[in-house]
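Notes follow the structure.
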Amino acid sequence: MKQQDINPLLHREIGAHHPATGIAAIMAILSRAEQGDLIAQSELFSDMEERDTHIFAEMTKRKMAISQLDWELKPSLSAGAREKKDIKALQYLLDDALDIESLVFSMADSIGHGFAALEIQWQNTSGYWLPEKIIHRPQRWFTVDKATRENLRLRDGSLDGVELANYGWIIHEHSNKSGPLATRGLYRTLALPYLFKNFATKNWLRFCELYAVPIRVLFHHEKDEAKKYGLLTAMQAMGQNGVALLEGGMQDDLKTVDAAKGEGQGFLNLIQWCEGSVSKAILGGTLTSDSGKNGNYATASVHDQVRNEIRDHDAKQIAETLTKQLLGAIIAVNGLNLHCKWVFDTQQSADLALYADAIPKLVTAGFQIPTSYLYDKLKIPMPENGEDILAATPAVPATTPTKPTALAGDIQQPALTADQQAIEDLADGVLNALSSPIDPTVIASAIRAAKDPQDLETRLAAILLGADTTDFNKTLEQALFAADVMGYAHAI
């Protein structure tokens, strides 16, 4: 399949000219982008991500959250067994041929820029056309048509650019907000906080450079410019810059001002405000980024939930683009009759211990729970035909316990004497004769119904109230007496 012809000059462009020099410059760049000139805006956005560590870190978190999600090709509801098998085979082919994690990460670049363009390079393998590579192309390579300012084109020096080849590109346009294509990038919102932080950082560094260094002021009466320059050079040579050369005064006089009395907290406060604004715009909150000193665990959990909602929204948009532009291209180029869509697994795994305890009780109570529901909730894959599965170990049948004939090792239990054995037999007889004045099933019901030990004690007291326990108590006393006698006999 023939690849898109790309202007060779685009490959030789350096880009990233660091265009932001002030508020007026940034506003002019954003305004030109709305008119269709995307070059300076794209370079500004790349500059922001490269030079601001906080923007880079927060945006990387957001992109990685999507790229590391599990995915699958989900057949349509009307798909038959043969079609489902072919879709599963296509999923395996894509997983082997492409680095899906890197593909999704590159597509997520559209969150900041508003769009991401990835060129598909095809290859024919075993009679099928499949992507060999999917390459991210810089946003500065592109422009929009002047009529609608919505259709992305390749720059070639013409007014509207070159239309993109069919099945040759994946163009993901991410909707952070409504509006023209050039205004959807999240970096437009971050441009001013980025600039303010840049200014505050420069001023803070300048303050730190001069902090505790005396500022020297020399009052002089020299008229000769060369001599004045010589004085200034001499003072600069005394240390770091922090110098003033003023004309006036009664005589040449050198004074110093202690810069340590200044305050740099205002710069730090402005930097923290800018970074907080960036975190809110990218991740929906700040407590998933800082140390948590400004909040508590519950609030941080809420912020983390918001971040998951943002991730799910991003994943849904990228999945729709992959379904239409990647799967759609593969199906169309190869003439396949498959109906499926790209799906990311954004569901959180349920608490396995909680379900293991609750499900048997619900089933016992009569709830009809489909097996597929549990597999889905617990994120456990359904076993395929012939696949090895775990099975419970059969329970060992209970056996009647016997008296041990030997202890651990070679130590043998001492044999009983004739008198001791007689006492042993007597005790066994008394115990066997012991009977309960209450029906055992009634006691068992009370135990099952009791909510706690105190409740059980109350229920048993109520059952025994009024019952004739004379024979029971007499037999129990005989058993206890026999046990005492047997203990003395064994101790001899």
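Details
- Filter result (crowded, with 20+ Cβ neighbours inside 10 Å and not aliphatic (A, V, I, L, M)) within segment 85-118: SER106, ASP109, SER110, GLY112, HIS113, GLY114, PHE115
- Pairs are defined by a Cβ separation below 8 Å, a sequence spacing of at least 6 or placement on different chains, a first member in segment 188-200 that is among the small types (Gly, Ala, Ser), and a second member that is outside any helix (DSSP H, G or I); the pairs so defined are ALA191/ALA20.
- The listed residues are ASP109, ASP86, and the only one of them that is within 28 Å of VAL333 (Cα to Cα) and within 20 Å of the chain's Cα centre (by Cα) turns out to be ASP109.
- Number of the condition not met by LEU93 [criteria: (1) more than 30 Å from GLY276 (Cβ to Cβ); (2) among the aliphatic types (A, V, I, L, M); (3) in contact with a His (Cβ under 8 Å, 6 or more places away or on another chain)]: (3)
- Test: residue in segment 60-78 that is more than 17 Å from the chain's Cα centre (by Cα), more than 30 Å from ASP5 (Cα to Cα), among the polar types (S, T, N, Q) and part of a helix (DSSP H, G or I): no
- Number of residues in segment 35-56 that are in a helix (DSSP H, G or I) and crowded, with 16+ Cβ neighbours inside 10 Å: the value is 13.
- One residue stands out among those in segment 128-152 that are assigned to a strand (DSSP E or B) and in contact with an Asp or Glu (Cβ under 9 Å, 6 or more places away or on another chain): the one that is surrounded by the fewest Cβ atoms within 10 Å (Cβ to Cβ), which is ILE135.
Here's the yes/no breakdown for (1) at pLDDT 90 or above; (2) in contact with an Asp or Glu (Cβ under 8 Å, 6 or more places away or on another chain):
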| site | (1), (2) |
| --- | --- |
| THR323 | yes, no |
| VAL343 | yes, yes |
| SER349 | no, no |
| VAL363 | no, no |
| ASP376 | no, no |
| GLY386 | no, no |
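- The one condition from (1) assigned by TED's automatic domain parsing to the domain that holds GLN123; (2) surrounded by fewer than 16 Cβ atoms within 10 Å (Cβ to Cβ); (3) in contact (Cβ under 8 Å) with a residue 12 or more places away in the chain that GLN3 does not meet is (1).
- Residue identified as at pLDDT below 90 and either under 30 Å from ILE29 (Cα atoms) or not β-branched (Val, Ile, Thr) (or both) among SER126, SER106, SER102, SER110: SER126
- Residues of segment 106-126 that are closer than 20 Å to PHE56 by Cβ and either out of contact with any strand residue (DSSP E or B) (no Cβ under 9 Å at 6 or more places or on another chain) or not in a strand (DSSP E or B) (or both): SER106, MET107, ALA108, ASP109, SER110, ILE111, GLY112, HIS113, GLY114.
- Restricting the search to strands (runs of 3 or more DSSP E) fully inside segment 191-289 and requiring at least 1 residues that are modelled with pLDDT under 70, surrounded by 15 or more Cβ atoms within 10 Å (Cβ to Cβ) and within 56 Å of the chain's Cα centre (by Cα) gives 215-220, 243-247.
- Subset of segment 153-187 (residues that are under 27 Å from the mean Cα position of the chain (by Cα), assigned to a loop (DSSP other than H, G, I, E, B) and farther than 17 Å from ILE29 by Cα): HIS174, SER175, ASN176, LYS177, SER178
- Which listed residue is within 30 Å of GLY127 (Cα to Cα) and either at pLDDT below 95 or in a helix (DSSP H, G or I) (or both), from ALA358, ALA332: ALA332
- Verdict on ALA116 being over 17 Å from LEU327 (Cα atoms) and assigned by TED's automatic domain parsing to the domain that holds ASN334: yes
- Within segment 22-66, being within 11 Å of GLY112 (Cα to Cα) and either outside the structural domain of PRO180 (by TED's automatic domain parsing) or hydroxyl-bearing (Ser, Thr, Tyr) (or both) holds for SER42, SER46, THR60.
The values are calculated or read from the model by the stated rules, or taken from the named source; none is laboratory data. A quick note: this is a predicted structure, and the numbers were derived from the prediction, not measured. Positions of Cβ are generated from backbone atoms using ideal geometry, with glycine treated the same way; all protein chains shown enter the neighbour counts.
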